[in-house]
Amino acid sequence: MLWLSLASPKLIRVNLPFLNMEKMNRRSFVQKSSLGSAGLLLSPSSLLGSFKQYTVQNKIPISAHLWIYASKFPPNWDCTPVLDTVFSDLSYAGMAGVEIMEGQLRHDDSVQRLSALIEKYKLPVSGSSYGVGIRMWDITRHKAIMKDIETVVPRLAQVGGKTFGISVGAKKDGLKTEAELDAQAALLKKVRSVCEDNGIEANLHNHTYEVENDLHDLKGTLDRIPDFVLGPDLNWLIRGGVDPVDFINTYGSQIVYLHIRDQYKDGTWSEYVGQGDTDFVPIAAALKAQSFMGKAAIELAFPNDFVPKNELREDWKMSREFVENTFDW
């Protein structure tokens, strides 16, 4: 067993099955481990390169969803004009990736633009959310939605995205009928198939409407597609009247992705995660009990006309540090 300090106050334990100092002299150790003549006295970057084939258990990659930037671009929420700022801020904050929205993938030059930013900031696109103005329950919209899916999903794959969080769309006048839920599920199966063909994992991403009314919408989907994996937004669960811990305990085996945001007791969103009143400790414990090994994204959202006290990149950094420490990621 070797403990590595990788330019961080935390120590990372790496189990090396070939390493038995009692049976190795220094020469054989160097030969077998390919560590070079410096032995264990290598820089963190060298160690990372040498041990890149070993996975650090329980390390959940924390990306950032770019909604806070997109929120300045109604009604289509396409923040393409400020993508350089997005990547710069999130790279500074130490994020593992950027979760984009479908609006950034609809431009004909989107792959070229995103690829250039990925290379410039050494920051990958982790995936995309999907669902702005979408009505998957409305069968008359299916043809247009599938045309859009067949455009944005391959482009997401081309820039290396691996997750696709789907919001099915709200119905404003009452609950969705059984026929509408049937139509919604039929389209979701087609969308998932396109994602699978492109090496992307589709997940059901919720706002409030999917989980209100005793999870009417979400349960309607899962009754029809029981194996569809989930990417819940913990804050939207709370705002929809659902206890995140109960949700995790019920659906933990299907959860592959998470959105994390914070709020105060009155429901007002906080500037950064950890500043508000959300009790993340039992949420973290529930995820650990369910052996959650998926991915997560922090999503910041500010109230209308809110003026942040900090630079946005600092809010991202503080949020990431809080999530890493609280969730032990």
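Only the coordinates and a few stated rules stand behind these numbers; no lab work does. Only a predicted model underlies this, so the values are computations on that prediction, with no experimental measurement involved. Cβ coordinates were reconstructed from backbone atoms using ideal geometry, including for glycine residues, and neighbour counts include every protein chain displayed.
Values for this structure:
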quantity: Built amide H within the under 5 Å cut-off of Leu258, gap 5+; calculated: Lys295, Ala296, Ala297
quantity: Semi-axes of the equivalent ellipsoid for segment 132-227, Cα gyration tensor, largest first, Å; calculated: 23, 14, 12
quantity: Convex hull volume per residue in cubic angstrom - Cα atoms of segment 206-311; calculated: 106 Å³
quantity: Candidate lysines - alpha carbon under 20 Å from Lys72, same-chain residues fewer than 8 apart omitted; calculated: Lys309
quantity: Vicinal HN-Hα couplings computed from phi for segment 61-76 (Karplus, 6.51 cos²θ - 1.76 cosθ + 1.60; Hz; Gly/Pro x); calculated: x, 10, 9, 9, 7, 8, 3, 4, 7, 5, 4, 8, 10, x, x, 9
quantity: Neighbour-count order for Thr177, Thr326, Thr278, fewest beta carbons within 10 angstrom listed first; calculated: Thr177, Thr326, Thr278
quantity: Residue pairs, from the table Lys176/Lys219; Lys162/Lys190; Lys189/Lys288; Lys176/Lys265; Lys295/Lys317, whose Cα atoms sit over 21 Å apart; calculated: Lys189/Lys288; Lys176/Lys265
quantity: Calculated FRET efficiency for the pair Lys190/Asp243, C-beta based, R₀ 41 Å, to 0.05; calculated: 0.80
quantity: Convex hull per residue volume in Å³, alpha carbons only, for segment 106-157; calculated: 80 Å³
quantity: Backbone HN-Hα couplings from phi across segment 118-128 [Karplus 6.51/-1.76/1.60, Hz, Gly and Pro as x]; calculated: 4, 5, 4, 9, 6, 10, x, 7, 7, x, 8
quantity: P(r) tail fraction, segment 62-327 - alpha-carbon pairs more than 30 Å apart, %; calculated: 25 percent
quantity: Under the Karplus curve 6.51 cos²θ - 1.76 cosθ + 1.60, θ = phi - 60°, whole-Hz ³J(HN,Hα) for segment 202-208, x wherever Gly or Pro sits; calculated: 7, 9, 7, 9, 9, 9, 7
